[in-house]
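For reference, the structure discussed in these notes is given below.
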Amino acid sequence: MLLLWSVDVWGQGAIIGRITNKDGIALVGANVWLPEKNQGAATDRDGRYTLQNLSPGTYLLQVTYLGFEDYIGVVDFSATTLPAIVLQERAYAVDGLVVKSTRADGRTPMTFTNLNKKQIGANNLGQDLPFVLQWTPAAVVTSDAGTGIGYTGIRIRGTDPTRINVTVNGIPINDAESQGVFWVNMPDFASSTADIQIQRGVGTSTNGAAAFGATINLNTAKVQEKAYATVAGSVGSFNTFKRNIQFGTGLLNNHFTLDARLSRITSNGYIDRAHANLNAYYVSGAYVGKNNLLRFNVFSGKEITYQAWNGVPADLVNNRSTRTYNSAGTERPGTPYDNEIDHYKQTHFQLLYNQKMDDHWNFNAALHYTKGAGYFEQYKKEQLLSAYGLPPLLEGATENPTDLIRQLWLDNGFYGAVTNLNYHKKRWDITLGGGWNQYAGKQFGKLPWTAKGTVSTALHYYDGSSLKTDINAYAKFNYEMSKGLYGYLDLQIRGINYQIKGVDAFQRSLAIGNQLNFFNPKWGLFYQRNPQTAFFASMAVGQREPNRDDYVNATSNNPPKPERMLDTELGFKRQWAKGALEINGYHMYYRDQLALRGSLNEVGSALRVNIDRSYRLGIEINGGWQLLPALRLQGNAAFSKNKVLAFTEEQDAYDANFVPTGAVKVEHKNTDLS
């Protein structure tokens, strides 16, 4: 599989310099820039950089490095070897260490892509965050409404959103039960995001749901030195509007900052009636010490979207006049029901603390709480009230079908703590971390209207509850075995306790409990042949639990099993004076993968079944070339083969008169994997 990396890289020449801290320790990856020559370089593992094709003389030199003051000075390039430039540590160096424990760096043998603030902003036009990531390797994004606003999704390496781990400042975002991320609840979040790392495959150990295709790590915890205020807007097709106000105080008294954003996005959608009305805010306050940082974040999103998740039937999608068809709401006689909506609000609270203990030790801890509540509403025709656990509403009425409106509610809380300890000295880079998270949810249904009469909104036609506890701990070790050769070991244990009780929307009594324990090791080698060339190889084990629908929709004699995966990665990176190339190959081998079985339940959720053996095999290529000082050609490509190796399915059998005669076993081998 191939890593693609969207950073400008430059070459090496005859003039050599070195960047260190005040103690003479090399700073690896510092950016060195000559503005008048439009040329730059990055320091290697010894803190050295090289610049080529320079005539003797004096030049303005700029050096930047995370956690240190920028250096700007005039340097005499009359010699081929320059004295070391010493960078001074910033008073607020700790802000960049908040997400260090869950991220890969330049010596980690994993496949990943980094996006900085500028790259995020280039694609941030008001669409949901998946559309900001759509140009990264092996990513495919979708939009129910057809505009990238409302319900959107992202697949990476062909894996669906429930297999992609998402964190914000190291805190889990995936819904604990469905395991998916609903970006519609986080509108315009890209505007508050400082940088993003996407790890493909199992990736490094992180918090929350297990990664079975990728990890998306978002970071908002950046200190802004200077005050700012912006008012921005975007206008697009289908009456799409984005309004955005942001401001920040900058660093007050060298210790305090406050940043805030208020956003509203509206769109009619491309698909019929697929309108969206999204509102969000983000507020972050921080105290910044010389060696510590305390930050409190609150961000919230409220969405009202007309349902468009049914999709367009295959026989209509290729016809220009019918390709916008939306079946949602059409059960109502005459014009479609105008309130077939999804209405949900979610608010996140994060308290982050970082302490830099000395030049080698760094400690992070975070508390979090997420509150969500809302429903989706549907018009259903000719329903039997007994199917909703209710008697006929009118005295003496017989059991005749009635039209009705139903609301399916979710009211939940997700809370917990994550922590990690980082150590870095000479050849060693060690991280110890873990977390405890718990989800408590209520699922219930209401009937605000029926054609036979009114039902009290206090009456729930179903009631269920869930409690899920997730505990994990990990240890990561990166050791320089010899010059340029690094060994990586990552060990994670994870325990899940999941309880489901009550009655579901289909009037089924639920009493499901499961305790699962996983051990997920990862190991690999990274070899830096020279500052321009690197190779890596790694293997990683991933295991994950079934989601709520898998448990609820399974039969008692065939409960869902946990999934397992062995991920093998090979990578190559090469940089030239004006270009870069990355090639990554991967093989993800699954046991008991939960795959789509081609059917839906009554509310439109896809049903899944364990597949005995399956795999995803592919190669990813990413590269770029600086054609002109202001023009760069960048691109990526991904090629994959996704197959079911072995699966035995039981299908219902019928006689010539379509009378059920039992079940028959059907063998599937070497078929396509969705």
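The values are calculated or read from the model by the stated rules, or taken from the named source; none is laboratory data. All figures in this text were calculated on a predicted structure; none of them were measured in a lab. Cβ atoms come from the backbone with ideal geometry, glycine included; neighbour counts cover every protein chain shown. These accessible areas exclude ligands, DNA and RNA; they are computed on the full protein's heavy atoms, side chains included. Shrake-Rupley method; radii C 1.70, N 1.55, O 1.52, S 1.80 Å.
Identify all residues within the range 421-458 that are among the aliphatic types (A, V, I, L, M) and either part of a strand (DSSP E or B) or touching a residue at least 60 places away in the same chain (Cβ under 8 Å) (or both); write none if there are none.
421, 430, 432, 440, 447, 455
Name the single residue, out of those in the range 155-173 being in a strand (DSSP E or B) and touching a residue at least 60 places away in the same chain (Cβ under 8 Å), that is farthest from residue 103 (Cα to Cα).
That would be 159.
Being farther than 30 Å from residue 205 by Cβ, modelled with pLDDT of 80 or more and among the hydroxyl-bearing types (Ser, Thr, Tyr): is that true of residue 71 here?
Here the answer is yes, as residue 71 does meet what is asked.
Within the set of pairs 6+ apart or on separate chains, which have a first residue in the range 345-357 that is without any contact (Cβ under 8 Å) to a residue 60 or more places away in the chain, a second that is among the β-branched types (Val, Ile, Thr), and C-beta atoms under 8 Å apart?
347/298; 347/370; 349/298; 349/370
So residue 437 ticks every box in (1) in contact with an Asp or Glu (Cβ under 7 Å, 6 or more places away or on another chain); (2) open to solvent by 20 Å² or more (accessible area, probe 1.4 Å) but one. Which box is left unticked?
Only one criterion is unmet by residue 437, namely (2).
Would you call residue 577 within 26 Å of residue 469 (Cβ to Cβ), over 22 Å from the mean Cα position of the chain (by Cα) and modelled with pLDDT under 95?
Here the answer is no, as residue 577 does not meet what is asked.
Consider residue 300 against the criteria (1) in a strand (DSSP E or B); (2) among the hydroxyl-bearing types (Ser, Thr, Tyr); (3) open to solvent by 60 Å² or more (accessible area, probe 1.4 Å); (4) in contact (Cβ under 8 Å) with a residue 24 or more places away in the chain: it satisfies all of them except one. Which criterion is unmet?
Answer for residue 300: the failing condition is (3).
Which residue out of 127, 134 is closer than 30 Å to residue 550 by Cβ and either open to solvent by 10 Å² or more (accessible area, probe 1.4 Å) or free of Cβ contacts under 8 Å to residues at least 24 places away in the same chain (or both)?
134
Got a sec? Which strands (runs of 3 or more DSSP E) wholly within the range 174-275 have at least 1 residues that are surrounded by 18 or more Cβ atoms within 10 Å (Cβ to Cβ) and either aromatic (Phe, Trp, Tyr) or touching a Pro at 6+ places or on another chain (Cβ under 8 Å) (or both)?
195-200, 256-267
If you take the residues of the range 620-640 that are part of a strand (DSSP E or B) and open to solvent by 70 Å² or more (accessible area, probe 1.4 Å), which of them is farthest from residue 580 (Cα to Cα)?
640
How many of the residues in the range 139-151 are among the β-branched types (Val, Ile, Thr) and surrounded by fewer than 22 Cβ atoms within 10 Å (Cβ to Cβ)?
Residues that pass the stated criteria total 3.
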